[in-house]
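Right, one structure below, let's go through it.
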Amino acid sequence: MKRIIRKEVLDTEKYVAGKPISEVKRELGLKEVIKLASNENPLGCSPDVKKVLYNLINNTALYPDSGNFQLKQALANHYNVNVSQVFCGGGSDSLIKVLCTTFLNPGDESIIAQVTFPRYESNIKLMGGICVKIPMKNNGLDVDAMVNAITDKTKMIWMCNPNNPTGSIFTKEDLQKVLDRIPKNVIIVMDEAYIEYVEDKNFPDSIEILNQYPNMITLRTFSKAYGLAGLRCGYGIANEELVGYINRVINPFDVNLFAQVAAVSALEDQDFLKEVVDENRKEREYLSKYFEEKKLEYVNSNTNFIMVNINRDDKPVYEAMLKKGVIIRPGFLLGMPQWLRISIGTKEQNRKLVQVLNDVL
Ligand SMILES: Cc1ncc(COP(=O)(O)O)c(C=O)c1O
């Protein structure tokens, strides 16, 4: 069988996602389990979204709009860009694959940070591209070193800002330095999946400057602060000509009917988004304070998760926490052994997390 599989597929490892609650309950015979492992929104989604979803229930037999007309229109208005600059997919994860398929020929180099969202690497490799990994600097992206690594074989460079799993950011000034040096024939992907949570005033909003850089593509998602991870909807904004090519690669019905309608409604409820961000800030401060009290090093986060150094093998800690009904993401799976990535939950979930982490440590 192996002989008929593409070499690139043989070389690709299966993505290990955060364990679902149902699996942990089943395997460990637990009644109560909380999941703080996949950076989901503990407050769910806007009540307005729920209403529009109920009203759609009789339309399941119809294909969704393959052009995502209303969603693109809503995003274009929200960001003040042309509709032709917007593309949508079944999660930004799907769009990462689309971008690799659009741009990478076998042997093309693609630069990523050593510790970042793992889907860049797997999709680069799947296309036969060469993944060039650049070591981190102070647990963040070393953007200068990433640009220094560009060769005449480089096709793409991936900047996750804020970065998953570290939660760190780079600033407007950093991005400007990068953009001044990146050749026009190298695509820069700005993955801003967590931008809604960012507090730092020096954070660059790439969409504001996108029109000056035809080689820059911004990816964002409804999975995080908008609370729609289960429905799968991500989007990108870029130069109109590039978007024309990207749209040739996206599966025509990648964004399902429910996701399209929910995303439009979610975007309209900016009050709910504010509540989510305010609550997340309070809870992030609570957890940060706890780590400080415990003298545990953590990365200053601009997201809905925190990376914390527990100074010991993280796998047994992860397993012990699982047994007590708390799912977190162990660092050994993310390229940061001895660290844990903890998604920020509700007030109640975070108190439980602290109690369990205290017991286990
Ligand atoms: C940095 C980053 N990009 C993209 C994604 C994919 O998100 P989705 O496919 O749900 O839009 C994630 C999900 O965890 C992420 O952390």
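With the crude spin-label approximation of a point 7 Å out along Cα→Cβ, what separation in nm comes out for Asn185 versus Lys50?
5.4
Return Val86, Val9 ranked ascending by Cβ neighbour count within 10 Å, so the fewest neighbours appear first.
Val9, Val86
In nanometres, what is the gap between the two model label sites at Lys137 and Glu275, each 7 Å from Cα along Cα-to-Cβ?
It works out to 4.2 nm between the two label points.
Count the net charge of all other residues whose Cβ sits under 15 Å from the Cβ of Gly325, scoring Lys and Arg as +1 and Asp and Glu as -1.
Local charge sum for Gly325: +3.
Given R₀ = 35 Å, what would the calculated FRET efficiency be for Ala17 paired with Gln212, taking r from the Cβ atoms and rounding to 0.05? Write out the running numbers ahead of the final one.
Details: r = 37 Å, r/R0 = 1.05.
It comes out at approximately 0.45.
Using the reciprocal of the averaged 1/r over all distinct C-alpha pairs, how large is the Kirkwood radius of segment 161-226 in Å?
Result for segment 161-226 stands at 12.5 Å.
Lysine pairs in segment 47-269 8 or more apart or on different chains: how many have alpha carbons under 17 angstrom apart?
Eligible lysine pairs with Cα atoms under 17 Å apart amount to 12.
Pick out, in residue order, every one of the chymotrypsin sites (Phe, Trp or Tyr not before Pro) in segment 1-91 that is DSSP loop and has at most 15 other C-beta atoms within 10 Å; say none if there are none. Can you show the working numbers first?
Details: sites: Tyr15, Tyr54, Phe69, Tyr79, Phe87; in loops: Tyr15.
Hits after loop and neighbour filter: Tyr15.
I need the phi-derived Karplus couplings for segment 86-103: 6.51 cos²θ - 1.76 cosθ + 1.60, θ = phi - 60°, integer Hz, Gly and Pro marked x.
9, 9, 10, x, x, x, 5, 4, 4, 6, 5, 5, 4, 5, 5, 5, 6, 10
Please state the charge dipole magnitude for segment 47-269, taken about the Cα centre, from unit charges on C-beta atoms (+1 on K and R, -1 on D and E), reported in debye and rounded to the nearest 20.
Charge dipole of segment 47-269: 460 debye, to the nearest 20.
Based solely on its DSSP helices, what 222 nm [θ] is calculated for the chain when runs of n ≥ 4 H residues each add -39,500 (n - 2.57) and the sum is averaged over all residues, nearest 500 deg cm²/dmol?
After summing the helix terms and dividing by the residues of the chain, the value is -11500 deg cm²/dmol.
Can you sort Leu53, Leu231 so the residue with the fewest Cβ neighbours within 10 Å comes first?
Starting with the residue having the fewest Cβ neighbours, the order is Leu53, Leu231.
So the label point goes 7 Å from the Cα of Asn80 along Cα→C-beta, right? Which residues of segment 179-208 then have their backbone N under 15 Å from it?
205-208
In what order do Ser265, Ser110 fall by count of nearby beta-carbon atoms within 10 Å, going from fewest to most? Spell out each step's value before the answer.
On the way: Ser265 21, Ser110 27.
With the fewest neighbours first, Ser265, Ser110 line up as Ser265, Ser110.
At a Förster distance of 30 Å, what's the computed FRET efficiency of Glu241 paired with Glu8, Cβ-Cβ distance as r, to 0.05? If you can, show how the numbers build up before the last one.
Details: r = 28 Å, r/R0 = 0.94.
Plugging the Cβ-Cβ distance into 1/(1 + (r/R0)^6) gives 0.60.
Just to be sure I follow the definition: excluding the sites themselves, where is the longest run in the chain that has none of the GluC sites (Glu not before Pro) in a DSSP loop with at most 11 other Cβ atoms within 10 Å?
The reported range is 33-361.
Would you kindly calculate the mean projected area, averaged across all directions, of the convex hull enclosing the Cα atoms of segment 1-113, in square nanometres? Walk me through the numbers before you get to the answer.
Numbers: hull surface 53.0 nm².
Its average projected convex-hull area is 13.3 nm².
Once you keep just the Cα pairs under 8 angstrom separated by 6 or more residues, what percentage relative contact order results for segment 47-269? Write out the running numbers ahead of the final one.
Numbers: 406 pairs, mean separation 64.5, N = 223.
Taking the mean separation of contacting Cα pairs over the length of segment 47-269, I get 29 percent.
Size of the chain along its principal axes in angstrom, Cα-based, largest extent first?
Principal extents (Cα only, largest first): 55, 54, 52 Å.
With the chain treated as a Gaussian network of Cα nodes joined by springs under 10 Å, which of Gly89, Gly230, Gly128 yields the largest mean-square fluctuation?
Of Gly89, Gly230, Gly128, the most mobile in the Gaussian network model is Gly230.
Using the Cα centre of the chain as origin and beta-carbon charges of +1 (Lys, Arg) and -1 (Asp, Glu), tell me which of Tyr286, Cys233, Leu296 is placed farthest towards the positive end of the dipole.
Among Tyr286, Cys233, Leu296, the one farthest towards the positive end of the dipole of the chain is Leu296.
Calculate how many DSSP beta bridges within segment 47-269 are antiparallel, expressed in % of all such bridges and rounded to the nearest 5.
Within segment 47-269, antiparallel bridges account for around 35 percent of the total.
Can you check what the Kirkwood hydrodynamic radius comes to for segment 212-361, Cα pairs only, in Å to one decimal?
Roughly 17.9 Å, rounded to one decimal.
Once you keep just the Cα pairs under 8 angstrom separated by 6 or more residues, what percentage relative contact order results for segment 202-359?
Numbers: 169 pairs, mean separation 23.3, N = 158.
So the answer I get is 15 percent.
All of the numbers you see were taken from the coordinates with simple rules; none came from a lab. As the structure is a computational prediction, the values presented were derived from the model and not from experiment. A quick note on method: Cβ atoms are made from the backbone with ideal geometry, for glycine too, and the neighbour counts reach across all protein chains shown.
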